[in-house]
Every structure is written in C-alpha cells, then in structure tokens.
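A.B. asks: Sharing a structure below in structure tokens format, with a few things to ask.
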Amino acid sequence: MKYRFNLRTWLLVALMALPLLTNDLAIGQEAAPAAEAAPAAEEAGPPSAYSDEAYIASEGYATFAVNNLWICIAAALVFIMHLGFATVESGLSQSKNTVNILFKNVWIVTTGILLYAFWGFNSMYPGEGNGFFAMGSWFGGDLNDPALTTAEYNAGYTWWGDFLFQAMFAATAATIVSGAVAERVKLTSFMIYAVLLVGIAYPISGYWKWGGGWLNERGLYDFAGSSVVHAFGGFAALAAVLILGPRKGKYTAEGIKPIVGHSMPLATIGVLILWLGWFGFNGGSALSADPKAVSFALVTTCLAAAAGAVGSIFTSWILLKKPDLSMALNGILAGLVGITAGADTVSEFNAILIGVIAGAIVVGSILFFDKLKIDDPVGAISVHGVCGMWGTIAVGIFSFSPDHSLGTQILGTVAISIFAFVFSFAVFFILKLVMGVRVSEEEEAEGLDVAEHGAPAYHIS
Amino acid sequence: MKYRFNLRTWLLVALMALPLLTNDLAIGQEAAPAAEAAPAAEEAGPPSAYSDEAYIASEGYATFAVNNLWICIAAALVFIMHLGFATVESGLSQSKNTVNILFKNVWIVTTGILLYAFWGFNSMYPGEGNGFFAMGSWFGGDLNDPALTTAEYNAGYTWWGDFLFQAMFAATAATIVSGAVAERVKLTSFMIYAVLLVGIAYPISGYWKWGGGWLNERGLYDFAGSSVVHAFGGFAALAAVLILGPRKGKYTAEGIKPIVGHSMPLATIGVLILWLGWFGFNGGSALSADPKAVSFALVTTCLAAAAGAVGSIFTSWILLKKPDLSMALNGILAGLVGITAGADTVSEFNAILIGVIAGAIVVGSILFFDKLKIDDPVGAISVHGVCGMWGTIAVGIFSFSPDHSLGTQILGTVAISIFAFVFSFAVFFILKLVMGVRVSEEEEAEGLDVAEHGAPAYHIS
Amino acid sequence: MKYRFNLRTWLLVALMALPLLTNDLAIGQEAAPAAEAAPAAEEAGPPSAYSDEAYIASEGYATFAVNNLWICIAAALVFIMHLGFATVESGLSQSKNTVNILFKNVWIVTTGILLYAFWGFNSMYPGEGNGFFAMGSWFGGDLNDPALTTAEYNAGYTWWGDFLFQAMFAATAATIVSGAVAERVKLTSFMIYAVLLVGIAYPISGYWKWGGGWLNERGLYDFAGSSVVHAFGGFAALAAVLILGPRKGKYTAEGIKPIVGHSMPLATIGVLILWLGWFGFNGGSALSADPKAVSFALVTTCLAAAAGAVGSIFTSWILLKKPDLSMALNGILAGLVGITAGADTVSEFNAILIGVIAGAIVVGSILFFDKLKIDDPVGAISVHGVCGMWGTIAVGIFSFSPDHSLGTQILGTVAISIFAFVFSFAVFFILKLVMGVRVSEEEEAEGLDVAEHGAPAYHIS
C-alpha cells in the first residue's frame, strides 16, 4: 500500500516535468555553467550534433577526435562493468536471490546515469562560476557552443564525452554495496539508499579530489579512483553490512557455515568482464588517447590484475589447502583495485608487486571479516574497501613522483572512507527506522526472488 | 529425406562457385560499382591491404583513420548485439528450446553477413550507375582503387568499413523475428524465411531511406534505424506470429498462463550486451568519429536507455504490483529503440522523455498483445515494432530541426512497417503452404532442442 | 604435502623480489634493450606516463595516437578471448569439471601475462643487440626514452602497446591445450605445463616467424597466427592428449559414447565472444589503424567466420543428419582460425572459400580424431591445429602476392606444429613420470571440481 502510493507520487513528479518540454530546452541551458560562458551571439538556427567544416578542418581536430573517441569507448567499457558486477554478484550468491541482485544492478546503473545528469555532474565538477551548490543543476549543454566541443573545454574530450565517462563511474559505488548487502536487504530500502549514495554522497567526495576540492589541494593522488570510487564503495558497504547483520545461518554456534555461490561460470564471466571494463576505467582515466599515458596505464593495470590472481591463488592455497576459484577471481579484482590509484605513476615491476600484495591482502581480509562475523557474500568490502585503501597508500610508497607523499595518501583514503562510512551508516540507519532495511526471516529463507519479485531466476528442466 | 536433398543441392551450388576462383577475382571487380569508377591505369602489381607512404602522409589521413577505426569498432559492437539477442531470447524462453534459439541466431548472423556481401550491400546502396537491380551483384572492391580507401569514397570510412558496419546491421532484422516466433517455429522454414528477410526485404526498405530512395527524398529522418531496422523487424515479427499462432497452453479457457523464461541471468546478460552494442549502433551511425556528433549521440542513447528502465519499472510495478526484472530489461531495450531515430537531433532532456515514454509504452504494449492472444515470448513486437514506431514519431515531436515533420515521420514508419509486415506475411504464408512453419504438438511439448537438434541445452548435475 | 612445500617455496621466491624495490627500478632499466639505446642525458626528473607538449604537437602525433589506441583496444579484444575460451571450454564439458576449467583459464591468462613480461617479450622480439638469449630479461621500459613512445620505435604503437598486444596473444596457446585435456588432467601438472608452454615454447617458435627468425627469412606468411598461435596450440594439445589418454567411458567396446557439454548457452557465449575478440586478433595484427589494412582484414575475417559456420552446418547436417549447434560453433572458430594467416592478403571471395572449407574440414577432423580414439572434449585439435594448418596453407593458394609460396607455407606450418608437438610431448611426458598428469579414476568419476577444488560449480535450487 505504502509503496504504491510512493510510486504514484514519483510518477506524477515525472509527468509534471512534461510541460517543461520545449525544443530549446530552457531548463538545460539556464542551468549548465558552460552555457553561461557561451557567447550570446551564436548562430541563430537550432542546435545540431553535426560539426561544420571549419571545425573539422581546424588544427588539432584529428587529435581531439581520437582523444574524445577513446573517452567514449572507455565509457562503454566502464558501462559494461555493470554487467560484470551483476554477474559476479549473482554468481557468488544463492540462486534464490538472483533476480533480486540483477534487478538492483539494473536499478543502480540506470538511475545512476540519470541522477548524474540531473545534478551529479555539475556538483562534482562545479567549474568556475559555481560552488558546490550548483548541486541540483541539470548538465545539458548547448550544442552551438564551441566551448563545449573543442580543446577550449578540454583537450581530451567534449562536454558530452566527459559527462558520459563520469556518469558510468558514478553508479559503480552503489554497485559495490549491492554485492555486500545481497541476499537479505529489502529491495525498496536499497533502491532509495542507492539513489542517495550515487546522487548525493559520491559527487561530494568525488569533488574533494577530482572536482578540485580540499583533497586535491592537499596533493592526494588518485589516478582512476582506488579511493574516490572503490574505498568509497567498500566502506559504504561496511556500514550497510554492520546495520544489516549477517545472513541467517552463516554464523552458527558450531562456527562459520559457508554459503557458497550458485554459479561459478557466472562469477567468472563477471570478473573477466570487469577486467575488460578496467581497460576503460584506468585507460580512460588518462583523459586522452595519448599513446604514452594510455598504453603505460594499461600495462600496469593488466600486470597488477595478473599478479593479484597469482597472489591470491598461492595465499589461499596455503591457507585453505585448495586451489580456490572464487579467491583467484577476487585476486584479479584486488589487483585491479590496487593499481587504480597509481596506474600511471608506478613502474611495471611495482605494479606487479602492488597486485601480488593486493591478492594476498584480499584473501586475509575476507577471512578476517568472516571471523568478525561481518557477512559480505561477495567479498566487496575486502576487494574494494581494503584494496582501495591499499592502492591509494601504495602510490605513496611506489610512485615515480616525489610529489606523492605517503602521509597525504593515507589522509586522503581515510577521509574518503570515513565520509562514505558515515554517510552510508546515517542513511541506512534512518531507513531502518523508517521502513526497515531487511526482509523478514521467511522471505530470506524463501529467497528474495520469489518473496520480492514473485519469480525465480531459473527454470531449467 | 527431403532436407537432405535440399542440403546436397545447396552444397552443390556452393561448390559450383569454386571454378570462379581466381586470384584477381573477376567476379568482384566486374560487379562493384566503385571499381568501375576506378582509373584504368592503376599500378600493375597485385592488390595489397597495406597502404603506401603517400597515402599515410596525405592530408587528413589521421582524421580519416580515426573515423574509419570508429566505424570498424562500431561494427564490432553491433556484431556483439547478436550475442545479446541470442542470450536475451534464450533466457526469456523455456530451457527445452534453448539450443534451437541459439542455432537460429548463429544462422542469422552468419548467413546475414554473407547475403549482404553477395547482394544486400550493393542493393541497399546502389550508388551512381546502378538502380535497385544492381541486386545480385557481389560487393567485393578493388584494393588498388584509391576511390575506395579515401575521403573520395566517404570522409568517414573505407568501402570495407562501410560494408562491415552495414552488414552487421542487416542481420538484426531477422534476429528480432527469431525471438517472437521462438518455441514453436519449424527450424528449416525459419532458416529460409530469415534468408529472404535479410537478403531481399531489408535492403529494399533500407534503400528507401538510407540508400537515397523515396522516403529519404520525402524527408524522413531515421538516424540509426528505429524504423529501418527495429519497426521493420518488429512488424515482420507480428506477421509471422499471426500466421504461426500462440504456443500451446499459453491462452487457455482459464485465462493467460504465463510461460516464464528459464534463466534471468542469461536475459540480463543479453540486455546489457545489447546496450553495449548500441554504443556502436547509434554512435557508429554518426558515420565518423566526429567528437561532437558521436559523444552527443551516445549521451542521448544512454539517457534514453536509463529512462526506459525507470519508465518500465514504475509502470510495471503499478500495473503488476511487483518489481519485474523482465519488464525492467525490456524497458532498457525500449528506451534504446526509442532514441535510435533521433539520437543526434533531440536534446538530452527530451531523450530522457523519449526513453521514459518508451519504457511505459513497452509494458502496456506487451500486456496489450497478450490480451489479443498474440504470443510473443520475448516481447519483440512491442520492443522493436511499437517502440521503433514511437522513436520515429518522436523525432517529429522533439527534433531540434524544423526540417523534421511529424507527418513525414509517421508516413515513413508506417510505410516501412507495412512493407515488412506484408513481405513477412507473404513469405511465411507460402512457407506454411509448402512445407509448414510450425513443429508438431509432440515436438513442441518435448521441446525443439531434442525434437529438432537431438540434444538438450543443459546437463547440469 | 608436496604441493604446500612447493607453494611456500614459490612464495618465498616472490617475496625475495621485494628488496629489489626501488623507485627507479634498476632491474627493469638495465635489462630492457631499448633502454640501452636511450640517450644518457635524458631530463633528470622521475619518469612520468604523461606526454609533454612538444610530443603532442609533433608531426604525425595524431596518426600515432590513433594507431597506438587501436593496438590497445585490440589488446583488450584479444584479452576478452580468454573469457571466450573459458566459457566455450566449460560449456562443452561436463558440469562437474567446470570450476577446474575456469581455474585453469584464469591461471593461464594471468601467469601468461606475467611470464611474457619477465622474459617472453624480449625473447620473442630480441631486437638489435640481443640474441635469443636475451631470454630471461625483464621487459620494462624507460618512460623518459622517446625511442619507446614515438615512431622511432614503431609507427604503429609504443613499447607498452606492443607488449600489451603481444602478451595477450601469448597465453592463447596454452588455453587451446586446456580445452583438449579437460576433464581428466591433473591441475598442478597442467599449471606447470602451461607455464612452460607459454613461457618458453611460444616465444621460441614465435621468434622464428614474428621475431625475424628463420621462418621469416624463408618467406613464411602468417598475418595473425594461424600457425604461430593456433597450429602451435593445436599440435601441443595433440601431444598432451596422446599422453593423457581419453576420458573414461568415452570409447567403449560398444563404440563411441558421446559425452555432451553441460551448457550450450555458455558455449555459444564463448564462441561469439571469441569472434568479437578476433576483431582485435586480426584487426590489430595490421599493427596500426590504417584504414585500408584494418577494414579489409576485418571484412575477410568476418566473411570467413560466417562461411565457416555455413560450411560446418551443412557438412554436419549431411553427416550427422541433424542441425548440430556445437558443430556450427566450431565452424565459426574454424573459419576464424583459417583466415588468420591471410586476412590481409586474400580476396573477400576467397576468404569465404577458406571459411567454408575450414568449416567442412573441422567437422571431418573432429569425427576423424574420434575414430582414432583421440579424445578432445572441445574439438581444439581440429579447430586450432588442423584449421591452423589449413589457413597457413591457404595463403599459398589464394594470396594476392606472388611472394607467398605454397611450399614455404607448408614448411612453416609443419615446422611450427612439429616443434609444438615435440616440446609438449617432452614436457608432458616428464611431468607424467615425475608427478603424474592424470587424476585418479575416482576423481575423474567424481569430477575435478569437488576432487581438486572442493567445490562444485553450480548450486541451482
């Protein structure tokens, strides 16, 4: 009853936007900061996505085109990471909660992109004339404005390439949480939580570093987001899991009862797609197609991923006495998260070291959180939170540059992690009070697919 | 018995092509229109795929290279949509018909590419000297001819880049039908039908718009094929389904009995891969790597996809009283199909509106066709047919350009849809008379995998 | 017991590398051949992955950027082929051996990349001052050295783009073997075998052709590796299978008992991902983004893949009297392997012929090896070994260029195949003597997932 009311209200709000419809889209052009900077006396006709000949013939056009193309392709690669998350999370969970996990992931990526359009982008990158309270402004830009489609805006991309790449990043944080709270979180509560995390929290701490805020001024280095994205998501997940509690039957009087994933092919598909996506996540973070920057960052990225797997395979083999596929997969992710902060500023050899250590850390961390009865079905807190911290700190140890100080790196990753933890804790706590965050014991036992969605994921006869 | 004879005949025909083999491939060079335009006094040696230094050093080479590269990558992305279709169609069908669906999809993409090489490309884009009756001519071009590898042919791509991108589009139409007729269509009949649809019908109506035919002259705007590809496929599917009839047990005296899909992970993989593929479908339809055109079209595409999911999630939640994953997935596809006609000519905000409306439409349409007892297991008629129409019409409402008239958009999408419907109806009807289009009731009950292919899709122990 | 000792030793070795850690990474810079060529008086500061303005403004920068970008994207596409192999191999095997196959594939791609960094790259491409005994040298290059990031190194890519692309190729060979020995090979033995095959054997015969060795001097043509990669992997697989013997219960007194795959969707996902990856495998082998070379090679590649499917569908339908999906899938791969040697040097029409013939060959070959009781669960010997030979020989028949002689093509593919066979046989034979290469009959019956990894792949309730 309650939800139906909410849904109708939301739909009404959406429909109320209809009258705003005009072909020149006043709402967008008023709000976008860059549009204000545009010369008033533009050509009179309607905007068009197509370039004129002068633009194509202008100096540096080819370089600008290859740069922007790479940012767009990198955005596509980061987009497909959402399929990677969806499959690795569902593969490592029980089959009875598969539809629920997939639904959450679809919700996160789709609302994440929309929220980033409505206010995230302008909040995280407030530009010249706007403070953080540009928050709430619509991103849409003016196609007639050359300042959005040339190196005047950025040498590496247009306004739209920039938005697209950043929007794909934004939703990642909530996806990380999704895996950690799987199998017992209440769907509607999580949907609201995800909207707030992606819509409000991520642009704030993102602004601290990438938008030019205080952590950037302090000299924090975070190339592609070991802290901004991964530690943020991991420690938000930790807070949520602490409030939510473990799955029923996991921690019993007789000890820890492992709840194994339902499909290792699905989990493997997920991790290898995530690795593919990281070509865009890290490679695109060069923010241009510069041959030196892109190819070097991709090499360190792949070496760290490979080393992460090797590190976790051997560590888990020693500790668990068997070759564990899920640990190998988490080792790849650990290596990737670990190299993300410094992919362009550590040597190839040190990239391997960062990866091996991340692979060892992730195994220890997963076992450690399990000992503490902090139940994280897919290991997201360890992979993203702990290895995100490690990656940020590793820049302070291994960086080429004397500008990167260990102290600042620690400060930065701790600051972002605490912020994510506190925001997540507060929101999840309020949601718990207001509407509850956990399904009933019966629903958990039955599985969220039937309980929440009325349909199981599989009918294989 | 009958089929073996057919197969042998076909194989003989293929083998008869063997004597045509010569290293200079006379067949290709005679037929290709561009080859005729080539100067007779080319260099004497054999052709080579490698460029000479003068070509590489020529003005605009870098721009041409990035443009053509993007078309090739976009072709790869459209190619992988065939995996998306294969998985979403099989995921939303019963497990006993999975091999059959996968086999059909392999057949469609492979024969589709070959048919497009043998006559589709030259039929759809007949060029200067050829009328539509260039039909039947082989596409192969002359590597020695600079008119095929420079901006003289097109500023955005070589002859081969052009072919590759268009060939990947061509097979899509039949794939759309494949989902709608799943679970009861006779394999061999469908194989012949798909060949005729891709080989003959698609290039005809494709020519009407993209090849410079009458709909293009009338001013129809269809950026990447809401009508040329999607409405075409969707209404071809409607005709086939009308002749084929619903699956046994779907519409009973007691009402509609839903036949649920067998694997929601497979369906989700499919839809997210399709979204990835749409980066190429729409982004590549800029027909160059122009920064403004490509990045803008990708932003509207992703916003519409996201909005489509949100629109369908809320609409279906209200109507069906539960969060329905398959509706969310179809909402993504609806948004993508909806934005395809106007991705470069509507504002970001209107892209969201087009998507939200498409997401709402697709839910209503699926329920509507079900009420009419028109059985479409995957919702292909609604997603591609209805939303393809909506997307084309939306250009008439929301376009930047005063040149795009609502009337023409309606005319265009109706004309293409009727053509597809009539062609499909005629072919399917004749096939029904000649060899039947539906498996027996026993085969349908047993499942097509065992009945037609002699092997089930799964052996999970 | 034995393995734990080994693992600890290995881990110690890895940890011993820690003291080598310095920010200027002496180990790398000493070893890399190009670093020696670098002028001594470079700028003093630490290296940085970022380019200076002079570099970006230099003539030909845009062309170099698009070339290098394509190599990096192609590397990503070849990387994702490892997901294709993992899924096609597990899909075509029994569900009880799925974790084992996935684990092997993760092992191969991750150690493959690391081995290629530690010595493979410098061994295969020894450059000017090094002989083959550069083997063992670390690849890491000097970011300050313009000779690694400009056309001075190569017009098509930087040192790192080159490494990345080649490293992704290297692991492929062992992956091919993985499928053929599936379901009965002992994990630790295979892990050691894979390390030796990728680390030692592949760079040796790779050097013969692509590194400028004797087969290159003899005029062998192998565009993207029909022999260097595929025949190599296929004949290494043949040797391993001969030593290993068939799976229990496959060849009985009553005849051949087919052991069918456990998931055809997984197999189909694998093959279509492999096809996607081949856009990078063959397209990237143009070694630049040259419009003519790339788009032509991609067209022949896709035509051959499509023709391979058609060839195998009809051949298997005639021979097996049913439309066989796994044969259709292997036909696609056969076409792809077949065109790989000559994708840039045969006409479009002949690409189709090469593909059709490969599709027919692969069906015959799979049936032939089965008659010989050579048990290859996924058909890897036929797809990669036999069709790799066919593709190399086809260059001698169909090439544009009079420089490509049939005799040399036969010599080359036979030489590489024999080398791979002998190396593989020797290593596998020694491993059999020392530690055994096959699991016990009980473990084989139980399935390797539980026997070796202690966990099944699926828990679908």
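Rule-based calculations on the coordinates, nothing more; no lab input. None of these values were measured; they are calculated from a predicted model. Neighbour counts run over all protein chains shown; Cβ positions are idealised from the backbone, glycine included.
A.B. asks: Calculate the dipole size of chain B relative to its Cα centre from +1 charges on Lys and Arg beta carbons and -1 charges on Asp and Glu beta carbons; express the result in debye to the nearest 20.
C.D. replies: That gives chain B a dipole magnitude of about 2100 debye.
A.B. asks: In this model, which of B:186/B:322; A:104/B:104; A:292/C:104; A:104/A:322; B:96/B:432 are farther than 27 Å apart at the alpha-carbon?
C.D. replies: Correct reply: B:186/B:322; A:104/B:104; A:292/C:104; A:104/A:322.
A.B. asks: Still on this structure, please answer the following. Ignore the peptide's own chain and count Cβ atoms of other chains within 10 Å of each Cβ in B:79-85; give me the average, rounded.
C.D. replies: Taking all residues of B:79-85 together, the mean is 4.
A.B. asks: What is chain A's relative contact order, in percent, from Cα pairs under 8 angstrom and six or more apart in sequence?
C.D. replies: 22 percent
A.B. asks: Provide a whole-number value for the mean count of partner chain Cβ atoms within 10 Å of the Cβ atoms in peptide A:47-57.
C.D. replies: Across the residues of A:47-57, the mean count of other-chain Cβ atoms within 10 Å is 5.
A.B. asks: Once the principal axes of the Cα atoms of the range C:216-281 are found, what is the range along each, listed largest first in whole angstroms?
C.D. replies: 50, 31, 16
A.B. asks: Another question, if that's okay. Can you give the Rg to Rh ratio of the protein assembly as shown, both from alpha-carbon atoms, with Rh computed by the Kirkwood formula?
C.D. replies: My calculation puts Rg/Rh at 0.93.
A.B. asks: Label the range A:194-345 by shape, choosing from rounded, prolate and oblate, from the square roots a ≥ b ≥ c of the eigenvalues of the Cα gyration tensor; if a/c is under 1.5 it is rounded, and otherwise prolate applies when a/b is larger than b/c, oblate when it is not.
C.D. replies: Because a/c hits 1.5 or more and a/b fails to exceed b/c, the range A:194-345 counts as oblate.
A.B. asks: Within a 10 angstrom radius of each residue's Cβ in C:155-162, how many Cβ atoms of other chains show up on average? Whole number is fine.
C.D. replies: 4
A.B. asks: How many angstrom lie between the C-alpha centres of the range A:384-461 and the range C:133-195?
C.D. replies: 35 Å
A.B. asks: Using the crude model of +1 on Lys and Arg Cβ and -1 on Asp and Glu Cβ, and no other charge, please compute the dipole size for the range C:141-254 relative to its Cα centre, in debye to 20.
C.D. replies: 780 debye
A.B. asks: Which order do the peptides A:96-102, B:200-206 come out in when sorted by mean C-beta neighbours inside 10 angstrom, highest first?
C.D. replies: Final packing ranking: A:96-102, B:200-206.
A.B. asks: With +1 on each Lys and Arg Cβ and -1 on each Asp and Glu Cβ, how big is the dipole of the protein assembly as shown about its Cα centre, in debye rounded to the nearest 20?
C.D. replies: 5720 debye
A.B. asks: Could you quote the convex hull projected area for the range B:60-450, Cα atoms only and averaged over all directions, in nm²?
C.D. replies: The orientation-averaged projected area of the Cα hull of the range B:60-450 comes to 18.5 nm².
A.B. asks: Normalised by the number of residues in the range B:275-351, what is the relative contact order in percent for Cα pairs under 8 Å and 6+ residues apart?
C.D. replies: Once normalised by length, the contact order is 37 percent.
A.B. asks: To make sure I understand, if each residue's beta carbon is the centre and we count other beta carbons within 10 Å, what order do C:346, C:437 fall in, fewest to most?
C.D. replies: The order, fewest Cβ neighbours first, is C:437, C:346.
A.B. asks: Moving on to the next point. What are the aspartates and glutamates whose alpha-carbon lies under 20 Å from the alpha-carbon of residue B:248, with same-chain residues fewer than 8 places away excluded?
C.D. replies: Correct list for residue B:248: B:89, B:183, B:370, B:375, B:376, B:441, B:442, B:443, B:444, B:446, B:449, B:452.
A.B. asks: Next up: Which distances, in nm and shortest first, link the residue C:441 label point to the same label point in every other copy, taking 7 Å along Cα→Cβ?
C.D. replies: Label-point separations across copies, in nm and ascending: 5.0, 5.0.
A.B. asks: A follow-up question, please. How do A:268-278, A:145-155 rank on mean C-beta neighbours within 10 Å, highest first?
C.D. replies: A:268-278, A:145-155
A.B. asks: Using a 7 Å offset from Cα along the direction of the beta-carbon, what are the separations from residue A:58 to the same position in each other copy, nm, ascending?
C.D. replies: Distances to the matching label points in the other copies: 2.6, 2.6 nm.
A.B. asks: According to a simple spin-label model (label point 7 Å from Cα along Cα-to-Cβ), what is the distance in nm between residue C:373 and residue B:242?
C.D. replies: 6.1 nm
A.B. asks: Residue by residue, what Karplus-based ³J(HN,Hα) values in Hz, rounded to whole numbers, does the range B:174-188 have, using 6.51, -1.76 and 1.60 with θ = phi - 60° and x for Gly and Pro?
C.D. replies: Coupling constants for the range B:174-188: 5, 4, 4, 4, 3, x, 5, 9, 4, 6, 8, 7, 7, 4, 5 Hz.
A.B. asks: Which residue in A is nearest the A/C rotation axis when you measure from the C-beta atom, and what is the distance in Å?
C.D. replies: In chain A, the Cβ lying nearest the symmetry axis toward C is A:62, 2.
A.B. asks: Same structure, new question: May I ask you to evaluate 6.51 cos²θ - 1.76 cosθ + 1.60, the Karplus curve with θ = phi - 60°, for each residue of the range B:235-248 and list the ³J(HN,Hα) values in order in whole Hz, giving x for glycine and proline?
C.D. replies: 7, 4, 4, 4, 4, 4, 5, 4, 6, 6, x, x, 5, 4
A.B. asks: Which of C:421, C:190 comes first, and how do the rest follow, when ranked by fewest Cβ neighbours within 10 Å?
C.D. replies: In order of increasing Cβ crowding within 10 Å: C:421, C:190.
A.B. asks: Would you pull out the residues with amide H under 5 Å of residue B:256's amide H, same chain only if 5 or more places away, H placed 1.01 Å from N?
C.D. replies: Here nothing satisfies the definition.
A.B. asks: Using each residue's phi in the range C:421-437, evaluate 6.51 cos²θ - 1.76 cosθ + 1.60 at θ = phi - 60° and report the 3J(HN,Hα) Karplus result to the nearest Hz, with x for Gly and Pro.
C.D. replies: 4, 5, 4, 4, 4, 4, 5, 5, 5, 5, 4, 5, 5, 6, 9, x, 10
A.B. asks: With a 10 Å Cβ neighbour count serving as the proxy for reagent exposure, in which order, fewest first, do B:59, C:446, C:452 appear?
C.D. replies: B:59, C:446, C:452
A.B. asks: Next up: Distances from residue C:372 to the same position in the other copies: list them in nm, one decimal, shortest first, using label points 7 Å from Cα along Cα→Cβ.
C.D. replies: Label point to label point, same position, other copies: 5.9, 5.9 nm.
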